[in-house]
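Working notes, structure below.
Taken together, the values in this text are just the output of simple stated rules run on the coordinates, not laboratory data. Given the structure is predicted, the values throughout are model-derived calculations rather than measurements. Neighbour counts are summed over all protein chains in view; Cβ atoms, including those assigned to glycine, are modelled from backbone coordinates with ideal geometry.
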Amino acid sequence: MNASTGGIAVITGAASGFGLEACRIAARQGMKVVMADVQADALDTASREIQDLGAQVLARRTDVGKAAEIEALAAATLARFGTPTFVFNNAGVGAGGLIWEQSPKDWEWVLGVNLMGVVHGVRVFTPLMLAAAKADPAWRGHIVNTASMAGLVNMPNMGVYNVSKHAVVSLSETLYQDLALVTDQVHAHLLCPFFVDTGIHVSQRNRPADLTDAGAPSRSQQVQQAMTAKAVGSGKVSAAQVAQFVFDAMAAQRFYVFSHPQSLAGVQTRMEDVLQLRNPSDPFAARPQIGQQLRAALRGD
């Protein structure tokens with residue numbers, strides 16, 4: 001069975017961005033599509049669109065940070081369609097600011113979605129896929145986790161987001177190695193996008209009330225929000241293109257998926273810093289005006 005043609009896709013963060021674009025591709029390829037998102041109204045609209053493309057759709061409002069909701073998503077998928085051949089642990093939120101200004105609720109929200117959402121997806125769906133592979137030598141499956149270039153470098157004023165995405169990189173690389181120990185039929189992939197207009201800069205719209213701080217955001221948080229919105233809005237690579245990169249990587253059994261390969265220069269610099277035991281390099285060396293603007297904004301100049 002080809003995992004991405006006539007198979008079963010489970011996609012979190014399915015109502016917008018990479019998730020919605022992946023649903024569109026899956027539908028065009030004849031897949032059954034399970035769409036999960038925390039925003040119910042957007043999910044309803046998106047699921048109707050995917051159904052109009054001719055796909056069989058199961059749409060479930062899901063908070064990926066809650067283990068029980070991912071477990072329920074898996075049970076519903078099995079009952080309706082069977083074992084998924086493509087699991088896209090894609091839901092994510094964005095937040096920033098000076099790392100010591102992140103509140104306990106900031107950490108709980110960002111790590112809950114960005115990291116634990118992937119943890120739950122891997123923990124719940126991988127055993128199902130391994131069982132399907134064991135039962136059928138022709139069966140193939142793919143697990144794709146969305147991290148970020150922020151999981152490979154450490155830009156300042158983005159600490160909580162960086163931490164969450166570095167953890168997803170580590171989880172996914174370990175998943176790749178662990179799967180290789182036990183099967184040749186289930187493959188792991190890691191998506192590391194740079195600035196792409198996905199709506200992540202307005203993630204606060206879906207932040208639970210019990211994980212929202214009562215006070216106004218700090219200066220650093222306001223600055224990062226503005227900078228992220230500007231960078232995302234000016235991105236030249238579309239979410240649709242990135243979703244296609246994901247399907248191309250599955251077809252080629254390629255682990256790393258990058259939206260902006262040219263940004264790997266920053267990763268190389270970071271690795272050289274580590275190997276040469278030198279202090280972290282200036283992240284704004286190539287664009288010093290951005291660093292100057294950020295310092296001025298944070299210092300109140």
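Here Lys66 and Ala216 are evaluated by their C-beta separation; at R0 = 45 Å the FRET efficiency comes out at 0.95. Working note: Debye formula, equal point scatterers on the alpha-carbon atoms of segment 80-195, no solvent; log10 I(q)/I(0) at q = 0.11, 0.16, 0.19, 0.21 Å⁻¹ is -0.39, -0.73, -0.92, -1.05.
May I ask you to sort Phe81, Phe18, Phe284 by Cβ crowding, counting other Cβ atoms within 10 Å and putting the fewest first?
Exposure proxy ranking, most exposed first: Phe284, Phe81, Phe18.
A cut-off under 12 angstrom between Cβ atoms defines the neighbours of Trp109, and their net charge, with Lys, Arg +1 and Asp, Glu -1, is -3. When every Cα-Cα distance of segment 233-300 is counted in 5 angstrom steps from zero, the calculated P(r) takes the values 3, 13, 14, 16, 17, 16, 13, 6, 2, 1, 0 percent.
Straight Cα distances below 26 angstrom link Lys134 to the lysines Lys32, with same-chain residues fewer than 8 positions distant left out.
All other residues with a Cβ under 14 Å from the Cβ of His187 taken together, and with Lys, Arg as +1 and Asp, Glu as -1, what is their net charge? The answer is -2.
Take every Cα pair under 8 Å in segment 64-208 that's 6+ residues apart, average their separations, divide by the length, and report that relative contact order as a whole percent. Relative contact order of segment 64-208: 30 percent.
Counting only Cβ charges, +1 for Lys and Arg and -1 for Asp and Glu, the dipole size of the chain around its Cα centre is about 280 debye. Bridging of Lys105 to aspartates and glutamates at a Cα separation below 17 Å is possible for Asp63, Asp210, Asp213, once same-chain residues fewer than 8 apart are set aside. The mean sequence separation of alpha-carbon pairs under 8 Å and at least six residues apart, normalised by the residue count of segment 170-247, gives a relative contact order of 38 percent.
Axis angle, to the nearest 10 degrees, between helix 17-28 and the longest C-alpha principal axis of the chain: 20 degrees. What is the helix-to-structure angle for 116-135, meaning the angle in degrees between its Cα long axis and the longest Cα principal axis of the chain, kept from 0 to 90 and rounded to the nearest 10? In the chain, helix 116-135 runs at an angle near 30 degrees to the longest axis. Between Gln253 and Gln241, the modelled labels are 2.9 nm apart [label points 7 Å from Cα along Cα→Cβ]. For the chain, the relative contact order comes to 18 percent (Cα pairs under 8 Å, sequence separation of at least 6). Working note: Cα atoms of the chain, range along each principal axis, descending, whole Å: 62, 44, 33. Rounded to the nearest 10 degrees, the angle from helix 159-182 to the longest Cα principal axis of the chain is 30 degrees.
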